[in-house]
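Below you'll find the structure, written out as structure tokens, and then a few comments.
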Amino acid sequence: MLRDLAQYLLGLVGKRLDTRGVILHDELPCAISRLEAAISDDKKAEIALESLQYFHERG
């Protein structure tokens, strides 16, 4: 289960789960930005889904 999560998170920053220390120090700003963007996108998708469910229930 944690391996799947690690693969997902590393995939978000364009890396693979095959070596240790795969995110180098100079890659951190970009990796952090990509993770923050993924979090933002997920929040937006969750809000949109909640809105759809709300309107469907009120339908």
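Okay, here's what the table says:
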read-out: Selection status of Arg34, of a type in the set (D, E, K, R), surrounded by fewer than 10 Cβ atoms within 10 Å (Cβ to Cβ) and either modelled with pLDDT of 95 or more or in a helix (DSSP H, G or I) (or both); value: no
read-out: Subset of the range 1-14 [touching a residue at least 12 places away in the same chain (Cβ under 8 Å) and within 23 Å of Ala37 (Cβ to Cβ)]; value: Leu9, Leu10, Leu12, Val13, Gly14
read-out: Meets criteria (surrounded by fewer than 10 Cβ atoms within 10 Å (Cβ to Cβ) and of a type in the set (D, E, K, R)) for Glu57; value: yes
read-out: Scope the range 37-59; condition over 26 Å from Ala6 (Cα atoms) and part of a helix (DSSP H, G or I); matching residues; value: Ala48, Glu50, Ser51, Leu52, Gln53, Tyr54, Phe55, His56, Glu57, Arg58
read-out: Failed item, numbered, when Gly14 is tested on (1) in a loop (DSSP other than H, G, I, E, B); (2) more than 12 Å from the chain's Cα centre (by Cα); value: (2)
read-out: Verdict on Leu49 being surrounded by 10 or more Cβ atoms within 10 Å (Cβ to Cβ) and in contact (Cβ under 8 Å) with a residue 24 or more places away in the chain; value: no
read-out: Matching residues in the range 17-31 - criterion: being surrounded by fewer than 10 Cβ atoms within 10 Å (Cβ to Cβ) and part of a loop (DSSP other than H, G, I, E, B); value: Asp18, Thr19, Arg20, Gly21, Leu24
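The values are calculated or read from the model by the stated rules, or taken from the named source; none is laboratory data. As the structure is a computational prediction, the values presented were derived from the model and not from experiment. So basically every Cβ, Gly included, is an ideal-geometry build from the backbone, and we count neighbours across all protein chains shown.
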